[in-house]
Structures are given as structure tokens and as C-alpha cells.
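**Student:** Below you will find the structure I want to go over with you.
The values are calculated or read from the model by the stated rules, or taken from the named source; none is laboratory data. Nothing here was measured: the structure is a model prediction, and the numbers come from that model. So basically every Cβ, Gly included, is an ideal-geometry build from the backbone, and we count neighbours across all protein chains shown.
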Amino acid sequence: MAETRHTKVLIIGSGPAGYTAGVYAARAMLSPILVQGIEPGGQLTTTTEVENYPSFVEVQGPELMMKMEEHARAMGTEVIGDIITDLDTSTRPFIAKSDSGTVYTADAVILATGARAKWLGLESEEAFKGFGVSACATCDGFFYRGQEIVVVGGGNTAVEEALFLTNFASKVTLIHRRDELRAEKILQDRLMKNEKIETLWFHELEEVVGDDNPKGVTGVKVKHTQTGEISEVPCKGVFIAIGHAPANELVKDVLELHNGGYVQVTPGTTETSIPGIFAAGDLTDHKYRQAVTSAGMGCMAALDAERFLAEQE
């Protein structure tokens, strides 16, 4: 028979938002349970150097997440390697079913399931992730000072990343499969005026090319969408900027969403459209998507949950 466990606060997800929520909820003596999910540590476990998290001049992404997990555990958060597969928000307490069979009941839930960058699905893209292929310019652009960079995409994300990368790169090539961008007009104007950016219209990424020793990108093969002609563009970095998808599977049919699936929270709080359910980090944030902002929201969620539980009593 499946085990049922009750907690005052159930934290679902284990990135910076989840672990920080764990630290604060544990310090508030709420004895939280944190269920890590399918990718313990979240997106940072797939990055290498992190140089923009306060107190670390440089730290490896996986190491930073290990330290956050250790901190949450040290404060008293019970961290469980499991996956929540179903969340019933219609009952009180809330009921969460897990992949292991354990059922968790909770008086409050903090959702910190994050978001996942959308990828093209190429084998070569996968092979060079973290070694020249990235989905976050603000995370990794700094490593390509004075280098040539390729950005793939045509929406706001792609144009913003291309513009940002001109702070570091000697040249940025934007690859887009059509002949017009979907980005806002003001961003398009900035792009066209930037002498460092060249736009390659009617092209799509065919293959990432690179070396194995040391591992790194040397260029990309691109295909003309109309003629099928293959050409090569030299570069040291490839940024895939075709958007992010919030990991909202548990709540997409019950919570208010915005901007293509991100969980809507009351401005200035982490409160969702269901009292007692709170959301933090990239699951709600389509704008900043940084480890430090996610951690800040995790803190807010724990404090909001603590206040909510006190009011219930």
C-alpha cells in the first residue's frame, strides 16, 4: 500500500527557487518536504562556469546547486529524490502523487518546477551543450569576448540575445528561417542599426561543428530553406534562442497562466490564483530567468506560505 506523508509545506522542484524556499521554510519551523523532480538542481546543472551569482566569483553550475541543496538540508528541509506526477488542488490539504507511489498531503505548496529552454533536437547540438552551445546569453556570453558567435531564432528572445552578445563578440550572426523577424519593432530597429550583427535570412541550423580535444565549437553548417544549399559559418559559440517552455504540466489546467504558459502570480507576491499554492522562479518568470532572481522568489514564496499558514491557524 502506498505511503502517505503530510507536511505543512511541500516544495516541488529543486532549482535555486526550490532550495531557497526550503531554507526559509525550514527556518520558519515549517518542516518542509522538497521533492526534487526529474532534473535535480534544474537548468544550472547543465551549465559550466557561473560568474554572476553573488558571493561566487566563479563556480560550476552543478557545484552551486549541490551547495544550495546542502544548505536546505542543513536548515531542516527533507529533500527527496522523487517526481510529483499529479497535484490535486481541489482538496484541503492538497494531495500530490509521486512516481515512487508515495502520496504527499500539504497545507501549502510551493511550485518551483522551472522552465526548460527549447532546443532544435540536433545530435550535434546535444553533443556540444556546455562546450560552445548555450541557451542563455546572460549566463555564457562573457566567455566569448572577441569571438564570432551565432544566434538562432527570430523572436524577442533571439534579438535580445543577439544585441546583448554584441557587448562581448567581435561579430554576431543571427540565423532565421524566414525573411522577417517576429520580434518587437523597437528591437528589430536596434538589431538593424548594430554594425556587429549580420542576419542570415532563409537559413536554418543543420549541424554544429567542432573539435573534441579540447572540446569546443568551431562553426555551424546552415541550410538555405529555399534552395537547400549548405554553407558553413565559423563561430566559437552557438546560442539557441527559440524560447523557453515553463514546466507547468502539474498545474496548466488549474492555475491562471500568462505569456505562453508561465504561472501568473499576484504582482509583488508569489500567490497564484489558488490560495495556498505559491509559485517561484522560472515557472513564473518569462523576463529575467536568472538564478539570483529565482532564489529571491523562493525566499518570497516561503515567507508568503508562512504568512498564509499563520492566517489559517
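**Student:** Being exposed (fewer than 15 other Cβ atoms within 10 Å of the Cβ) and either under 23 Å from Glu126 (Cα atoms) or modelled with pLDDT of 95 or more (or both), is that true of even one residue in the stretch 279-291?
**Tutor:** no
**Student:** Hey, among Val233, Val208, Val151, Val133, which residue is more than 25 Å from Arg289 (Cα to Cα), in contact (Cβ under 8 Å) with a residue 60 or more places away in the chain and touching an Asp or Glu at 6+ places or on another chain (Cβ under 7 Å)?
**Tutor:** The conditions single out Val208.
**Student:** While we're here: Condition first: assigned to a helix (DSSP H, G or I) and at positive phi. Now tell me which residues in the stretch 1-51 satisfy that.
**Tutor:** Answer for the stretch 1-51, where residues must be assigned to a helix (DSSP H, G or I) and at positive phi: just Gly42.
**Student:** If you go through the stretch 273-291 one residue at a time, do you hit one that is in contact with a Phe, Trp or Tyr (Cβ under 6 Å, 6 or more places away or on another chain) and part of a helix (DSSP H, G or I)?
**Tutor:** Within the stretch 273-291 (the criterion being in contact with a Phe, Trp or Tyr (Cβ under 6 Å, 6 or more places away or on another chain) and part of a helix (DSSP H, G or I)), the answer is yes, since at least one residue qualifies.
**Student:** Exactly one of these conditions fails for Ala106: (1) small (Gly, Ala, Ser); (2) outside the structural domain of Arg289 (by TED's automatic domain parsing); (3) in contact (Cβ under 8 Å) with a residue 60 or more places away in the chain. Give me its number.
**Tutor:** Looking at each condition in turn, Ala106 falls short on (2).
**Student:** Okay, next question. Please find, within the stretch 254-272, the residue that is surrounded by the most Cβ atoms within 10 Å (Cβ to Cβ) out of those that are assigned to a loop (DSSP other than H, G, I, E, B) and modelled with pLDDT under 95.
**Tutor:** Gly261
**Student:** Quick one: how many residues across the stretch 267-292 are β-branched (Val, Ile, Thr), out of contact with any strand residue (DSSP E or B) (no Cβ under 6 Å at 6 or more places or on another chain) and under 23 Å from Leu30 (Cα atoms)?
**Tutor:** Number of matching residues: 2.
**Student:** So, one more: From the list Val35, Val50, which residue is in contact (Cβ under 8 Å) with a residue 60 or more places away in the chain and either outside the structural domain of Glu306 (by TED's automatic domain parsing) or over 23 Å from Phe308 (Cα atoms) (or both)?
**Tutor:** Val50
**Student:** Scan the stretch 304-313 residue by residue and report those that are crowded, with 17+ Cβ neighbours inside 10 Å and more than 18 Å from Leu250 (Cβ to Cβ).
**Tutor:** Asp304, Glu306, Phe308, Leu309
**Student:** Pull out all pairs, ordered by first then second residue, where Cβ-Cβ is under 7 Å, the residues are six or more apart or on different chains, the first lies in the stretch 268-282 and is charged (D, E, K, R), and the second is in a strand (DSSP E or B).
**Tutor:** As it stands, the answer is Glu271/Phe278; Asp282/Ala115; Asp282/Pro246, since those pairs meet every condition given.
**Student:** Just checking, which of Thr218, Thr173, Thr157, Thr227 is β-branched (Val, Ile, Thr), farther than 20 Å from Lys129 by Cα and either at pLDDT 95 or above or surrounded by 13 or more Cβ atoms within 10 Å (Cβ to Cβ) (or both)?
**Tutor:** That would be Thr227, the only listed residue that is β-branched (Val, Ile, Thr), farther than 20 Å from Lys129 by Cα and either at pLDDT 95 or above or surrounded by 13 or more Cβ atoms within 10 Å (Cβ to Cβ) (or both).
**Student:** Failed condition for Val251, given (1) under 18 Å from Gly13 (Cβ atoms); (2) in contact with a Gly (Cβ under 9 Å, 6 or more places away or on another chain); (3) surrounded by 15 or more Cβ atoms within 10 Å (Cβ to Cβ), with all others met?
**Tutor:** Single failed check for Val251: (2).
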